[in-house]
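Coordinate-derived values only; no laboratory data. Bear in mind that the values here come from a model prediction, so they are computed numbers and not experimental data. Here the Cβ positions follow ideal geometry from the backbone for every residue, glycine too, while neighbour counts run over all protein chains shown.
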Amino acid sequence: MPVILQTTLLLMCSNVFMTFAWYAHLKNLSGQVWYVAAFASWGIALFEYLLQVPANRIGYTEMNLSQLKILQEVVTLSVFVPFALYYMQQPLKLDYLWAALCLLGAVYFIFRV
């Protein structure tokens, strides 16, 4: 499997955990004190790191640090938008399109040869 595909798939899985760790407590633990949410988030974040660290190590064999960062941002938005829409019931905004277009420009500039 190509390195960029391995890296992307691991980052996508990692970002699912990251997104839930960072934001799901706003919906699920809103009635709890903040430190309950923090400990729950830390528990979820462990799984994020178990995927993110190998993803970056694998990716760094063929990509530079800037390329890894931009790939991470693209993956983050790709995971966050469906999470915001379906799980958090946020309205679809044109801002997501503008952010995606900005990231497309970043991808072009950072990956061009």
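Key figures for this structure:
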quantity: Pair list, Cβ < 8 Å and 6+ apart or interchain, from segment 86-109 residues that are in contact (Cβ under 8 Å) with a residue 12 or more places away in the chain to residues that are exposed (fewer than 13 other Cβ atoms within 10 Å of the Cβ); calculated: Tyr87/Lys27; Met88/Leu26; Met88/Lys27
quantity: Among the candidates Val16, Val53, residue that is surrounded by 13 or more Cβ atoms within 10 Å (Cβ to Cβ) and in a helix (DSSP H, G or I); calculated: Val16
quantity: Selection count where residues are among the β-branched types (Val, Ile, Thr) and assigned to a loop (DSSP other than H, G, I, E, B), scope segment 58-77; calculated: 1
quantity: Test: residue in segment 16-27 that is out of contact with any Cys (no Cβ under 8 Å at 6 or more places or on another chain) and without any contact (Cβ under 8 Å) to a residue 12 or more places away in the chain; calculated: no
quantity: Residue in segment 32-49 that is among the hydrophobic types (A, V, I, L, M, F, W, C), within 17 Å of Thr8 (Cα to Cα), part of a helix (DSSP H, G or I) and free of Cβ contacts under 8 Å to residues at least 40 places away in the same chain present; calculated: yes
quantity: Leu92, sole failed condition from (1) outside any loop (DSSP other than H, G, I, E, B); (2) exposed (fewer than 12 other Cβ atoms within 10 Å of the Cβ); calculated: (1)
quantity: Residue in segment 19-49 that is surrounded by the fewest Cβ atoms within 10 Å (Cβ to Cβ), counting only those that are within 17 Å of Tyr87 (Cβ to Cβ) and polar (S, T, N, Q); calculated: Ser30
quantity: Counted residues, segment 95-113 - those being part of a helix (DSSP H, G or I) and β-branched (Val, Ile, Thr); calculated: 2
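To keep it simple, each residue is scored yes or no on (1) under 16 Å from the mean Cα position of the chain (by Cα); (2) under 26 Å from His25 (Cα atoms).
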site: Ala55; (1), (2): yes, yes
site: Leu65; (1), (2): no, no
site: Glu73; (1), (2): yes, yes
site: Thr76; (1), (2): yes, yes
site: Phe80; (1), (2): yes, yes
site: Ala84; (1), (2): yes, yes
site: Asp95; (1), (2): no, yes
site: Val107; (1), (2): yes, no
site: Phe111; (1), (2): no, no
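Okay, residues lined up against (1) charged (D, E, K, R); (2) closer than 16 Å to Val3 by Cα; (3) out of contact with any helix residue (DSSP H, G or I) (no Cβ under 9 Å at 6 or more places or on another chain):
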{"residue": "Lys27", "(1), (2), (3)": "yes, no, no"}
{"residue": "Ala40", "(1), (2), (3)": "no, no, no"}
{"residue": "Leu46", "(1), (2), (3)": "no, no, no"}
{"residue": "Pro54", "(1), (2), (3)": "no, yes, no"}
{"residue": "Ile58", "(1), (2), (3)": "no, yes, no"}
{"residue": "Leu104", "(1), (2), (3)": "no, no, no"}
{"residue": "Tyr108", "(1), (2), (3)": "no, no, yes"}
